[in-house]
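Inspection log for the structure reproduced underneath, given as structure tokens.
Taken together, the values in this text are just the output of simple stated rules run on the coordinates, not laboratory data. Predicted model only: the values in this text are computed from it and were never measured. Cβ atoms come from the backbone with ideal geometry, glycine included; neighbour counts cover every protein chain shown.
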Number of protein chains: 2
Amino acid sequence: MDEFERVVAAVDERVTPDAAERERLAAVAERVVERAETAIADLPVAADVVQVGSTARGTWLAGDRDIDVFVRFPPDLSRADLEAYGLQVGRAAVPDGREEYAEHPYIKGRVEGFDVDCVPCYRVPTAPDIQSAVDRTPFHNAYLLDRIDDDLAREVRLAKAFLKGVGAYGSDLRTKGFSGYLTELLVVEYGGFRQLLAAAADWHPPVELDPEGHATRDHDDPLVVVDPTDPDRNVAAVCSARNVARLTHYAREFLAAPDESAFEPRAADPLTESEVRDHLDRRGTHPVAVRFDAPDVVEDQLYPQLEKSLAGVVGALDRNGFDVLRADAWAAPDAAADANGDPSDATWGDAVLFCECAVVERPRIERHDGPPVDVGEHATGFYDAYADDGETYGPFLDGGRYVVERERPYRTARDLLESALFEVRLGVGVERSLREGYDVLVGEECVTLVDAFGGQLAAYFDPRP
Amino acid sequence: MDEFERVVAAVDERVTPDAAERERLAAVAERVVERAETAIADLPVAADVVQVGSTARGTWLAGDRDIDVFVRFPPDLSRADLEAYGLQVGRAAVPDGREEYAEHPYIKGRVEGFDVDCVPCYRVPTAPDIQSAVDRTPFHNAYLLDRIDDDLAREVRLAKAFLKGVGAYGSDLRTKGFSGYLTELLVVEYGGFRQLLAAAADWHPPVELDPEGHATRDHDDPLVVVDPTDPDRNVAAVCSARNVARLTHYAREFLAAPDESAFEPRAADPLTESEVRDHLDRRGTHPVAVRFDAPDVVEDQLYPQLEKSLAGVVGALDRNGFDVLRADAWAAPDAAADANGDPSDATWGDAVLFCECAVVERPRIERHDGPPVDVGEHATGFYDAYADDGETYGPFLDGGRYVVERERPYRTARDLLESALFEVRLGVGVERSLREGYDVLVGEECVTLVDAFGGQLAAYFDPRP
């Protein structure tokens, strides 16, 4: 057994659910399915029940044991009936469940210690016929069930654990990493975890895989894995260039020197105020932050909105000469909701757009290029507008063009963020929250961000692949 | 008489040499020519003498009365003989003259209060046959003599006086403006001073004139006036886009509101230290200056070298993030040489490269982009080089690329100019002088520049077209 296998065996030990967990889970899943089938018998339409997801395929990581049960209705059923019957079956299957909403309503709850989702969908003939995104899941499940035996399930668990460890696991819009389905497809395609790492270590994006050889279109993504159940779809569409590169990087590192720590998600100790101060001194930069109440939207809406807003702010800072070195945006979970432990109550606490500027202050004036002298009335109009303005230097000529040096609108990043924040492109919920009020923190003031974002600041000031 | 004519008549009165000046000049010129012809009679070759320049054509401005006498030798004469015979004739024609050197040696001196140049050249059949640049002058002279009568000579004087007034007269490499020959051609071409202004007010560069309709090539210049005596040559090649635009600007201004002040060269009062300080406060900028002994070269070499050096310094400041708002370079005449009044002794005093920066200080670190992760050994080499460097932040990933934040070489403009001045492109004589030593002045220290450059700073801080 080489070092790779030795390390992997230890990880496998840790992440493989034990027999007791597997048995209990199978029993609970069976009960949920039975209760759903019983409820279906009372409906005026036919439907069947299928267990899907990693717990249906034996590929879940010890502890991550969500049971997913899909109830499939005929494709000609109206949307309204699907929703009504789906909730009815779900309530029967998960008696203590509550209604949640994704593409349509479903029931979520706990059954004997397991989290269970009971989701209605249409039983369409093939995946490309889907009427709703969830209709695709049973096809994915069937495809993988046919291909993943117990040996390969172990490889899938290792791959998931590795991607979690390096921070690239999850297709949520904050992570933009590898989904469970994508991970399982990659392991099937390459034939194992070690083979996946060996391949990824040598990936040259765009990387294109098409297990069924049936792609019908091109995708402009760094990683393309054509869905075996839907030739039009890239399973890796959400996976960012950074996460593709991250897998390549850590695959190389691990193959060169296998180490169990690669499977441990990084958890940096939150920074203290004085540690943030030390970093800023050492870097000689000028941080500015916009702190506000995070809008009450789900995470998959919040992070894209934070990113869009951050890009807007960074663009404005750069255009005004404050030269952003690096920036990031974070939201903190609401402390109260966390404390009472009821996830249905979970809203966000503070959010922050954090920008580290290279330049703290600009001159009072800025150069403003006017028209070429030869463009007639436009040129004379420009000249006349500034010629008698005692606040302006010029107009003078640079080459064939009029130029003035006139007062800048914003001398500092604070001026800009206090006066013109709503002129930049912002996410809609973020903008709504900002209009309720926000704080601009500059320089030294930013150290107080450690109260809500000490962990994020620790990662920010110790950036890794 | 309209306002234009009234103003112009007053100027004409001032710039037209009076009868006494014209008669004295004609008498002196005749004497010089005769002495030259007498000296030629002693030579073993044939030669003739021709008076050229504005004083030969009646287009000089009162007081600007240089007499130019050219001695034309056969084109098959050797260069050495041309130089020897030329100096011999020149010394006879200008007994108190001294030897000067342009493309070849000539004699310059004073004769009865007039400055006289006696220049040898080849008598070639046509201007395109020239063997030396000065051979062209007699062709220019003959062309203009045929076309400029007394009325048009008045128009030429007005045009020259106007271009002097607005700072666009002179084809030296500091001014890069309109030469006398160019000005005379433009007046001939447009038919008068007022017509020239009317045309220039509506110029749309590139402006192309070809009086003889014989152009043989294209020119990439804002103003093209094909030499009537040489179809290959653009008489306006040295004229900068700025000076072309300047004539357009001031032509419009003057036609709209004729005012004698347009003919008065601007002479700003030198600034005091406190006035410079006030400007810098008002502008909120950060000046840096490199002060050194100007190299001992002629003005037509010095200014191109200063410009090249300034461009090098500005480029380095910009590349390093100090963001130059505006810059200029100046040389002061040597005070001692000025005082004793002997121009042969005239060397330069201080020179300065003056740059007004928008940014005074940069962070300790800068972003440094590495290779994409997928480029194999180059990528792993980059990662390994920085991974264990405690001074560097990262490597981390941005998209698919490694990035580090590492120490900047220069945090301030002073650091840069004190440490890396010789890494920028400099004019050769300027570099030689800088290697003897230089001062870097920053911020407040720059106010001391008023001692040598008060007038230049006055113009700098009151920029006009």
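Which translational diffusion coefficient, to the nearest whole µm²/s, is obtained for the stretch B:365-407 from the Stokes-Einstein equation, given a Kirkwood hydrodynamic radius over C-alpha pairs, 10 °C and 1.306 mPa s?
This corresponds to a translational diffusion coefficient of 158 µm²/s.
What would the Debye equation give as log₁₀ I(q)/I(0) for the protein assembly as shown at q = 0.05, 0.09, 0.10 Å⁻¹, counting only Cα atoms as equal point scatterers?
Normalising to I(0) and taking log10 leaves -0.51, -1.02, -1.16.
Out of residues 5 or more away from B:Glu208 or on other chains, whose amide H comes under 5 Å of its own, with H placed 1.01 Å from N in the peptide plane?
HN-HN under 5 Å from B:Glu208: B:Val224.
How high is the relative contact order of the stretch B:66-179, in percent, with contacts defined as C-alpha pairs under 8 Å that are six or more residues apart?
Details: 144 pairs, mean separation 23.6, N = 114.
It rounds to 21 percent for the stretch B:66-179.
Helix-only estimate, please: 222 nm mean residue ellipticity of chain B, summing -39500 (n - 2.57) across DSSP H runs of length 4 or more and dividing by its residues, to the nearest 500.
When only DSSP H runs of four or more count, the value is -13000 deg cm²/dmol.
Starting from a label point 7 Å past Cα on the Cβ side, list the distances from B:His104 to the same position in the other copies, nm, shortest first.
Result, one decimal in nm: 10.1.
Which whole-Hz ³J(HN,Hα) couplings does the stretch A:227-241 yield from phi under the Karplus relation 6.51 cos²θ - 1.76 cosθ + 1.60, θ = phi - 60°, glycine and proline marked x?
4, x, 9, 7, x, 7, 10, 9, 4, 9, 4, 7, 6, 6, 4
May I have the count of lysine pairs in the protein assembly as shown with C-alpha atoms under 22 Å apart, counting pairs 8 or more residues apart or located on different chains?
So the count works out to 6.
Hey, got the dipole for the stretch B:365-407? About the Cα centre, +1 on K and R Cβ, -1 on D and E Cβ, debye to the nearest 20?
The calculation lands at about 140 debye.
Restricting attention to the alpha-carbon atoms of chain A, what are Rg (one decimal) and Dmax (integer), both in Å?
27.7, 88
Based only on the alpha carbon positions, what is the Kirkwood hydrodynamic radius of the stretch B:228-350, in angstrom?
Values: mean 1/r = 0.0534 Å⁻¹.
Kirkwood hydrodynamic radius for the stretch B:228-350: 18.7 Å.
If you put a point 7 Å past Cα along the Cβ direction, how far is that point for A:Pro265 from the same point in each other copy, in nm, smallest first?
Counterpart label points of A:Pro265 in the remaining copies fall at 7.7 nm.
Report the label-to-label distance for A:Asp129 and A:Asp18 in nanometres (one decimal), using points 7 Å from each Cα along the Cα→Cβ vector.
4.6
For the stretch B:150-263, take the convex hull of the Cα atoms, compute a quarter of its surface area, and give me that in nm², please.
6.7
Need one value for B:404-410: mean number of C-beta atoms belonging to other chains within 10 Å of its residues' C-beta atoms. Mind showing how you got there, number by number?
Working: counts 1, 6, 0, 3, 2, 0, 0.
Mean inter-chain Cβ contacts per residue within 10 Å come to 2.
Given an 8 Å cut-off on Cα distances and at least 6 residues of separation, report the relative contact order of the stretch A:65-116 as a percent.
Once divided by the residue count of the stretch A:65-116, the mean separation gives 37 percent.
Which distances, shortest first and in nm, link A:Asp66 to the matching position in the other copies, using label points set 7 Å out along Cα to C-beta?
8.8
Shape verdict for the stretch A:110-150, please, from the Cα gyration tensor: rounded (a/c under 1.5), prolate (a/b greater than b/c) or oblate.
Note, shape of the stretch A:110-150 comes out oblate.
Is there a simple number for the mean count of other chain Cβ atoms within 10 Å of the Cβ of residues in A:199-207, and what is it?
Average neighbour count from other chains, rounded to a whole number: 2.
Karplus couplings for the stretch B:352-369 from phi (6.51 cos²θ - 1.76 cosθ + 1.60, θ = phi - 60°), rounded to Hz, Gly and Pro as x?
Working through the residues one at a time gives 9, 9, 10, 10, 9, 8, 8, 10, 9, 8, 10, x, 5, 10, 9, 6, 9, 7 Hz.
Could you work out how much longer the chain between B:Asp96 and B:Ser261 gets when fully extended? Use 0.36 nm per residue separation minus the Cα distance between them, nm to one decimal.
Contour length minus Cα-Cα distance gives 55.5 nm.
Please rank A:Leu247, A:Leu223, fewest neighbouring Cβ atoms within 10 Å first, as an exposure proxy. Each step should come with its number before you reach the end.
Values: A:Leu247 29, A:Leu223 26.
Arranged by neighbour count, lowest to highest, A:Leu247, A:Leu223 become A:Leu223, A:Leu247.
Please report, largest first and rounded to whole Å, the three semi-axes of the ellipsoid equivalent to the stretch B:45-198, where each semi-axis is the square root of five times an eigenvalue of the C-alpha gyration tensor. Could you put the intermediate results ahead of the total?
Working: eigenvalues 168, 60, 38 Å².
Square roots of five times the eigenvalues give 29, 17, 14 Å.
Cβ under 11 Å from A:Ala327's Cβ, A:Ala327 left aside: what net charge do those residues give with Lys, Arg +1 and Asp, Glu -1? Working shown, then result.
Working: positive: A:Arg326; negative: A:Glu307, A:Asp318, A:Asp328, A:Glu356.
Local charge sum for A:Ala327: -3.
Of the beta bridges DSSP finds with both residues in the stretch A:15-134, what % are antiparallel, to the nearest 5?
65
Short version: ³J(HN,Hα) in whole Hz for each residue of the stretch B:147-159, in order, from phi by Karplus 6.51 cos²θ - 1.76 cosθ + 1.60 (θ = phi - 60°), x for Gly and Pro, what are they?
10, 10, 8, 4, 5, 5, 4, 4, 5, 4, 4, 5, 5
Could you run the Debye sum over the Cα atoms of the stretch A:15-134, one equal point scatterer each and no solvent, and tell me log10 of I(q)/I(0) at q = 0.12, 0.14, 0.20 Å⁻¹, two decimals?
-0.42, -0.56, -1.06
Going by the rotation axis that takes chain A to chain B, pick out the residue of A with the closest C-beta and quote the gap in whole Å.
Here the nearest residue and distance are A:Val359, 3.
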